Amino acid sequence: MKKSYCKVCKEPLEGRIDKKFCTDACRCSFFNRVQLRERKEFRKIDRIIKQNRKILKQLFEAGRAQASKQELETMGFEFGYATQVVVANEGELRYFCYDLGLTSARGQLQFSLVHDRP
Ligand SMILES: [Zn+2]
């Protein structure tokens, strides 16, 4: 029979075959590390989405209705991070960072700025 080891301290495990940790302390330590890693990842993503919204807000406050992909990227906008993707008219996609977002026709590098409420 194959011997198994604790996922934290690597001590040989005894007892139930599906056991993963030698003690409650090792089990807690493992899940605390997993949660820490997840929280770090959430914070990173939250930071990017908030930065994206800040950029959209600056453009709105400047009275802009459109922005190019290059301009947005220069300002630090990171495409691919959004809180919501909405399918609007004729399959047009709108990407929101909270209440502010952008949209463009397929393949276009010019984006229209949109608010989630008229
Ligand atoms: Zn252990």
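The values are calculated or read from the model by the stated rules, or taken from the named source; none is laboratory data. All values reported here derive from a predicted model rather than from experimental measurement. Note: ideal-geometry Cβ built from the backbone for every residue, glycine included; neighbour counts use all protein chains shown. Keep in mind that these areas ignore ligands, DNA and RNA; they rest on the heavy atoms of the full protein, side chains included. Shrake-Rupley method; radii C 1.70, N 1.55, O 1.52, S 1.80 Å.
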Considering residues that are in contact with a helix residue (DSSP H, G or I) (Cβ under 9 Å, 6 or more places away or on another chain) and more than 20 Å from D46 (Cβ to Cβ), the number found within segment 72-91 is 0
Item to complete: Taking F60 as the residue in question, decide whether it is farther than 30 Å from R94 by Cβ, of a type in the set (F, W, Y) and either modelled with pLDDT of 95 or more or surrounded by 10 or more Cβ atoms within 10 Å (Cβ to Cβ) (or both).
Response: no
In segment 20-57, residues that are open to solvent by 80 Å² or more (accessible area, probe 1.4 Å) and within 16 Å of the ligand (Cβ to nearest atom) total 6
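Could you list, in sequence order, the residues of segment 13-60 that are among the acidic types (D, E) and not in a helix (DSSP H, G or I)?
Filtering segment 13-60 for residues among the acidic types (D, E) gives 14, 18, 24, 38, 41, 46.
Result: E14, D18.
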Within segment 67-118, the count of residues that are assigned to a helix (DSSP H, G or I), surrounded by fewer than 16 Cβ atoms within 10 Å (Cβ to Cβ) and on the phi < 0 side of the Ramachandran plot comes to 5
